[in-house]
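Note sheet for the following structure.
The values are calculated or read from the model by the stated rules, or taken from the named source; none is laboratory data. The structure presented is a predicted model; accordingly, all values stated were derived computationally and were not measured. Here the Cβ positions follow ideal geometry from the backbone for every residue, glycine too, while neighbour counts run over all protein chains shown. Heavy atoms of the whole protein, side chains included, go into the accessibility calculation; ligands, DNA and RNA do not. Shrake-Rupley method; radii C 1.70, N 1.55, O 1.52, S 1.80 Å.
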Amino acid sequence: MSLSLLNFPESSKGERRDLMGKLLDSDDVKKSLDFSEATVQIDSLYSQILSEAFSGFSREHIQARLQILHTILCAEERISTSIAAALLPNSQNVEDMQERAHSLVQKLHAVLYIKDKSRSSNVALMATGNFRSKDIDMSCDIAYYHSVLTQKCFDIMMKDLKFDMCKFPSSFLKDSEVADLGVMEKVSGVLRYSCYHWAQHMMEAAPKNHKEICKWISEFLNIHVLFWIETMNLLQVSNQCTEILQKTRHYITKHNDCDHSELAKDIIEAANFATHFTRSQAALSTPHLYLSALATWLQNGTLSQRWKKQFSNIPSIRGKSNHSIQLISGSWDKSVRVWDASTGAQVQQFNGHTQSVSSVAFSPDGSQIISGSYDKSVRVWDASTGAQMQQFNGHTEEVTSVAFSPDGSQIISASHDKSVRVWDASTGAQVQQFNGHTQSVSSVAFSLDGSQIISGSSDKSVRLWDASTGAQMQQFNGHTEEVTSVAFLPDGSQIASASRSGS
């Protein structure tokens, strides 16, 4: 109790003595002077502190203070009172709300102590509705407030993000060569918070707000997502952009209330573009997000077409590409190699597998390579540098076949362990596992739209799976020996399979 009084702000020794007397004279404490019942006394103390923070205010002002408290509670990091005020819903006078936030935090200092992002037990009690201050209900609807903060983050980004945030002096300079970009001055604290945490608030938002959140995402993708990637690069955290956008895709696809397939495609294209930029030399000079990365982005998606229409002055690439065609191979010598198809010269060699490599594939945009090996792992490589980016472990026997989904967001693998597994290409997390084959699975492939997966097995069957649910849709029997390879026709209307029988 004395510790809490010492933490009670802006009080003199006399004030603390008077407050201690007031607390000890309270009815709850008089009923329980036995220190073995410390919990009752602590509850009484905290109730008194909360009452002091909210007493003497009108109902309207109490609600405003509760909004401040709940905003601080639901924030994804420790925030200043100025950021808390700027994140409040329907806050027209931010300066006034900042003063209120400062006053409230000062009064609640003893019960709002936060260390290493963890929230104190008292705040947690208020969040679950188990803590009240006399007649004031301080419970917080966490999911609702995350919805509110999601909207606020989008509102702030749509309002404050813009092209060339820091007025870059020259595209011939790297970010590190500019003496004073003034990033922290030009990107406000609340805008930084919104850029960092909008997706996490979205993931924790109330399901009933899903359709509205999808509308905000769609508007954000039209152009502001480019300004967001620019700002994240200036803040030196652009490497998080792809993962954040992948989380966004997972969020919209896990709800079945309506068809968001087109929005999912746009998010995937934005994520792939973020990867294209952040893993290139262009990221060293932020203006080249537009001048180089967007100019050389050759995927013909509807989203990037809309982007390019708004930047008519960026370089336009037309005609034949001078880039050579490349081939990849996996070998019993445990290596993956990249070759120039026109000259036969070896371009890259990737080492890391500890046993023979059984299957390799390029990502749809050619920036990544996957390999499956008898060492039971699936690995992802940067096609240009040869650096290993991911390693997926989970198969219990040799991996026999690997493939990318058409949008590059997922990877499938087959194994002698009789399973087909689906992996998130950006995080390495296992998304699905398809069981049903009774012997080794030798070959897998995605349909052109990514909605279906086929597999061929030594059990002589070909099976068709729903890529999102893992449900088996069809089983094709007819081969008299092991199936060795499977493929979809380009239009998805038919499936081809090969077998050791020669058919």
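Points worth noting:
- Taken over the range 469-503, the criterion of being closer than 15 Å to residue 444 by Cβ and of a type in the set (A, V, I, L, M, F, W, C) is satisfied by 473, 476, 483, 486, 487, 488, 495, 496, 498.
- Within the range 180-196, the set of residues being open to solvent by 30 Å² or more (accessible area, probe 1.4 Å) and either within 20 Å of residue 163 (Cβ to Cβ) or not aromatic (Phe, Trp, Tyr) (or both) comprises 180, 184, 185, 186, 188, 192.
- Only residues that are over 16 Å from residue 263 (Cβ atoms) and assigned to a helix (DSSP H, G or I) were counted across the range 207-239, and they come to 13.
- Just one residue in the set 400, 438, 385 is under 21 Å from residue 498 (Cβ atoms) and in a loop (DSSP other than H, G, I, E, B); that residue is 438.
- Residue 447 being of a type in the set (S, T, N, Q), modelled with pLDDT under 90 and either within 37 Å of the chain's Cα centre (by Cα) or surrounded by fewer than 15 Cβ atoms within 10 Å (Cβ to Cβ) (or both): yes
- Residues in the range 96-119 that are at pLDDT below 75 and among the aliphatic types (A, V, I, L, M): 108, 110, 111, 112, 114.
- Checking each residue in the range 165-206 for being charged (D, E, K, R), without any contact (Cβ under 8 Å) to a residue 24 or more places away in the chain and not in a helix (DSSP H, G or I) picks out 167, 180.
- Among the residues of the range 376-383, some residue qualifies, meaning at least one is touching a residue at least 60 places away in the same chain (Cβ under 8 Å), open to solvent by 10 Å² or more (accessible area, probe 1.4 Å) and farther than 18 Å from residue 442 by Cβ.
- All positions within the range 403-435 that are open to solvent by 10 Å² or more (accessible area, probe 1.4 Å) and aromatic (Phe, Trp, Tyr): 404
- Taking each residue of the range 434-447 that is without any contact (Cβ under 8 Å) to a residue 40 or more places away in the chain and looking for partners that are part of a loop (DSSP other than H, G, I, E, B) and of a type in the set (A, V, I, L, M, F, W, C) with beta-carbon atoms closer than 9 Å, six or more apart or interchain, yields 434/471.
- Selection count where residues are open to solvent by 20 Å² or more (accessible area, probe 1.4 Å) and either of a type in the set (Val, Ile, Thr) or more than 21 Å from residue 278 (Cβ to Cβ) (or both), scope the range 384-399: 6
- Here the range 144-164 is the region considered, the condition is being assigned to a helix (DSSP H, G or I) and among the hydrophobic types (A, V, I, L, M, F, W, C), and the residue that is surrounded by the most Cβ atoms within 10 Å (Cβ to Cβ) is 149.
- From the list 469, 438, the one residue that fits, being hydroxyl-bearing (Ser, Thr, Tyr), surrounded by fewer than 15 Cβ atoms within 10 Å (Cβ to Cβ) and touching a Lys or Arg at 6+ places or on another chain (Cβ under 8 Å), is 438.
- Here the range 271-309 is the region considered, the condition is being outside any helix (DSSP H, G or I) and under 20 Å from residue 181 (Cα atoms), and the residue that is most open to solvent (accessible area, probe 1.4 Å) is 287.
- Filter pass, residue 475 being out of contact with any Gly (no Cβ under 6 Å at 6 or more places or on another chain), open to solvent by 50 Å² or more (accessible area, probe 1.4 Å) and closer than 17 Å to residue 373 by Cβ: no
- Qualifying residue in the range 247-257 (condition: surrounded by 22 or more Cβ atoms within 10 Å (Cβ to Cβ), of a type outside the set (Lys, Arg) and part of a helix (DSSP H, G or I)): yes
- Looking across the range 347-373, the residues that are farther than 13 Å from residue 425 by Cβ and open to solvent by 60 Å² or more (accessible area, probe 1.4 Å) come down to 347, 349, 351, 354, 355.
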